[in-house]
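Just below is one structure, and these are the notes that go with it.
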Amino acid sequence: MTTNFLIKALTTDSFHELMLKNNDELKLFDAAWFTVDAEPGYPCRVSLTDAKIGERVLALSFCHHNVNSPYKASGAIFVRENAPTVKLNINEVPKMLRHRLLSVRAYNSQKLMIEAEVAQGTELESTIGKQFQNSKVEYIHIHNANQGCFNCSVHRA
């Protein structure tokens, strides 16, 4: 049985106020503007695309798992300047994830991690499907395996 899924990006609204600030103002938020100097290398968590060389990205610490659980978590992310929030189709995997080694982490209704595995982005559908076979899995988070940074969440569709 195949489980349909929906990958969700962070919303641009979450970063609107920070996007209006310069680097001096961003220091108060432990954030900074970077100019992209390599591609890939700066994956945007709002558009779910790799930023292009010369683009500006906002680097900041973001609480991507803001829950009452020992698994509450935050970490560094990039957001492209003026990036629109991507709306993916059911079972669509963004190209940004395809060329990365990923950590796929499944959580239950108590917000506890109950499954995790490392997979190549080219194998993401089967990894998501395998984790959603466990009926206790409520949602999944996808991280870059090497750097550990959060990319996006996955939900049953």
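A short reminder: the numbers here are calculations on the coordinates, not readings from a lab. In this text the structure is predicted, and so the values were computed from the model without any measurement. We place every Cβ from the backbone using ideal geometry, glycine too, and count neighbours over all the protein chains shown.
Among the residues of region 89-123, those that are within 14 Å of the chain's Cα centre (by Cα) and closer than 16 Å to Ala9 by Cβ comprise Val93, Pro94, Lys95, Met96, Leu97, Arg98, Arg100, Leu102, Gly121. Annotation note: Cβ proximity below 7 Å between a residue of region 75-87 that is without any contact (Cβ under 8 Å) to a residue 24 or more places away in the chain and a residue that is surrounded by fewer than 22 Cβ atoms within 10 Å (Cβ to Cβ) (sequence gap 6+ or interchain) occurs for no pair.
Name the single residue, out of those in region 90-114 being outside any strand (DSSP E or B) and either free of Cβ contacts under 8 Å to residues at least 40 places away in the same chain or among the acidic types (Asp, Glu) (or both), that is surrounded by the fewest Cβ atoms within 10 Å (Cβ to Cβ). Per the criteria, the residue is Ser109. May I ask you to verify whether Ala51 is within 24 Å of Gly121 (Cβ to Cβ) and either touching a residue at least 24 places away in the same chain (Cβ under 8 Å) or under 19 Å from the mean Cα position of the chain (by Cα) (or both)? Spelling it out, Ala51 is indeed within 24 Å of Gly121 (Cβ to Cβ) and either touching a residue at least 24 places away in the same chain (Cβ under 8 Å) or under 19 Å from the mean Cα position of the chain (by Cα) (or both).
When region 26-48 is limited to residues that are in contact (Cβ under 8 Å) with a residue 24 or more places away in the chain, more than 13 Å from Glu81 (Cβ to Cβ) and surrounded by fewer than 18 Cβ atoms within 10 Å (Cβ to Cβ), the one that is nearest to the chain's Cα centre (by Cα) turns out to be Pro40. All conditions in (1) touching a helix residue (DSSP H, G or I) at 6+ places or on another chain (Cβ under 8 Å); (2) part of a helix (DSSP H, G or I); (3) more than 14 Å from Phe5 (Cβ to Cβ) hold for Glu117, with the sole exception of (2). Checking Ser69, Ser14, Ser61 one by one, the residue that is within 22 Å of Cys152 (Cβ to Cβ) and in a loop (DSSP other than H, G, I, E, B) is Ser69 and no other.
Does any residue of region 71-89 turn out to be polar (S, T, N, Q), within 14 Å of His143 (Cα to Cα) and surrounded by fewer than 20 Cβ atoms within 10 Å (Cβ to Cβ)? Yes.
One residue stands out among those in region 5-16 that are touching a helix residue (DSSP H, G or I) at 6+ places or on another chain (Cβ under 9 Å) and not aliphatic (A, V, I, L, M): the one that is nearest to Lys130 (Cα to Cα), which is Phe5.
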